[in-house]
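S.K.: Dropping a structure here in structure tokens format, bear with me for questions.
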Amino acid sequence: DAGVTQSPTHLIKTRGQQVTLRCSPKSGHDTVSWYQQALGQGPQFIFQYYEEEERQRGNFPDRFSGHQFPNYSSELNVNALLLGDSALYLCASSTIGGSGNTIYFGEGSWLTVV
Amino acid sequence: EDQVTQSPEALRLQEGESSSLNCSYTVSGLRGLFWYRQDPGKGPEFLFTLYSAGEEKEKERLKATLTKKESFLHITAPKPEDSATYLCAVNTDKLIFGTGTRLQVFP
């Protein structure tokens, strides 16, 4: 049983460019959440997708957008990249109504903006 | 405002020297408290979920406990391979993380 998979693992972009990160949730999970983790910090919630809709959103600008596909996989898009967007981007998968469920993370995508 | 605070920020232990990590929280609508282990450059690895005060869970040398305001991660007779950052998070339909405790265990 594959866990949460993310791609790419590392990438370097230039300021002003756009990036797309991808995530496939754990088998049996229908909810995908995205987090940003800066060096030395805990992960910060970006948004959550369920049934192909953005269910809730953290304190991130509209440059951050996402999508969920019918097979539950998800994409995170960041436009007009800033140096401060350099971070580890983590995807978490779970099932909705999650108080009784475990939330699993992928290995993340390291984004460096130069 | 929902908040999670972890202490200490860093902890150095001799192999076999037991200790505890603390996670205090202020949150409304708690739907579970999670502990994760994170190795450098990797994603968080799930350890435990606790749901109610008084609950305890164990895995190898780790034991997690929960009260109404805080959680402890007890590590008994740690080994160098236990060196990692330990993250605590509260679930309010999204995870709110602390900044973690960096644990180093020396032989």
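The values are calculated or read from the model by the stated rules, or taken from the named source; none is laboratory data. Source: prediction; values computed, not measured. Backbone-built Cβ (ideal geometry, glycine too); neighbour counts: all protein chains shown. These accessible areas exclude ligands, DNA and RNA; they are computed on the full protein's heavy atoms, side chains included. Shrake-Rupley method; radii C 1.70, N 1.55, O 1.52, S 1.80 Å.
S.K.: When you look at A:GLN44, is it open to solvent by 10 Å² or more (accessible area, probe 1.4 Å), under 18 Å from A:LEU81 (Cα atoms), within 10 Å of chain B (Cβ to nearest Cβ) and of a type outside the set (Lys, Arg), yes or no?
M.R.: Working: open to solvent by 10 Å² or more (accessible area, probe 1.4 Å): yes; under 18 Å from A:LEU81 (Cα atoms): yes; within 10 Å of chain B (Cβ to nearest Cβ): yes; of a type outside the set (Lys, Arg): yes.
Here the answer is yes, as A:GLN44 does meet what is asked.
S.K.: Among what's in the stretch A:1-19 and is at pLDDT 95 or above, within 23 Å of B:LEU95 (Cα to Cα) and surrounded by fewer than 15 Cβ atoms within 10 Å (Cβ to Cβ), pick the residue that is nearest to the other protein chains (Cβ to nearest Cβ).
M.R.: Taking the stretch A:1-19 and keeping what is at pLDDT 95 or above, we get A:4-19.
Filter once more, so that each one left must be within 23 Å of B:LEU95 (Cα to Cα): A:4-7, A:9.
Narrowing the set further to residues that are surrounded by fewer than 15 Cβ atoms within 10 Å (Cβ to Cβ) leaves A:7, A:9.
Values: A:SER7: 13, A:THR9: 10 Å.
Once the filter is applied, the top-ranked residue is A:THR9.
S.K.: In the stretch B:52-98, how many are among the β-branched types (Val, Ile, Thr), over 17 Å from B:GLU9 (Cβ atoms), open to solvent by 10 Å² or more (accessible area, probe 1.4 Å) and not in a loop (DSSP other than H, G, I, E, B)? Before the answer, list the steps.
M.R.: Within the stretch B:52-98, the subset among the β-branched types (Val, Ile, Thr) is B:65, B:67, B:75-76, B:85, B:90, B:92, B:96.
Imposing the further condition that a residue be over 17 Å from B:GLU9 (Cβ atoms) reduces the set to B:65, B:67, B:76, B:90, B:92, B:96.
Next cut, open to solvent by 10 Å² or more (accessible area, probe 1.4 Å) only: B:65, B:67, B:76, B:92, B:96.
With the extra rule that they be not in a loop (DSSP other than H, G, I, E, B), the set shrinks to B:65, B:96.
Qualifying residue count, the stretch B:52-98: 2.
S.K.: Filtering the stretch B:1-24 down to residues that are among the hydrophobic types (A, V, I, L, M, F, W, C) and open to solvent by less than 50 Å² (accessible area, probe 1.4 Å), which residue is nearest to the other protein chains (Cβ to nearest Cβ)?
M.R.: The extreme case among them is B:VAL4.
S.K.: Just for strands (runs of 3 or more DSSP E) wholly inside the stretch A:54-114: which have at least 2 residues that are at pLDDT 95 or above, open to solvent by less than 50 Å² (accessible area, probe 1.4 Å) and over 19 Å from B:GLY43 (Cβ atoms)? Steps first, answer last, please.
M.R.: Details: elements: A:64-68, A:74-78, A:87-94, A:109-113.
Ranges flagged: A:64-68.
S.K.: When the residues of the stretch B:30-51 are filtered to those that are part of a loop (DSSP other than H, G, I, E, B) and in contact with an Asp or Glu (Cβ under 7 Å, 6 or more places away or on another chain), which remaining residue is surrounded by the most Cβ atoms within 10 Å (Cβ to Cβ)? If you could, list the steps in order and put the result at the bottom.
M.R.: Looking only at the stretch B:30-51, we keep the residues that are part of a loop (DSSP other than H, G, I, E, B), and these are B:30-32, B:39-44, B:51.
Next, only the ones that are in contact with an Asp or Glu (Cβ under 7 Å, 6 or more places away or on another chain) stay: B:31, B:42-43.
Numbers: B:ARG31: 18, B:LYS42: 15, B:GLY43: 24.
Per the criteria, the residue is B:GLY43.
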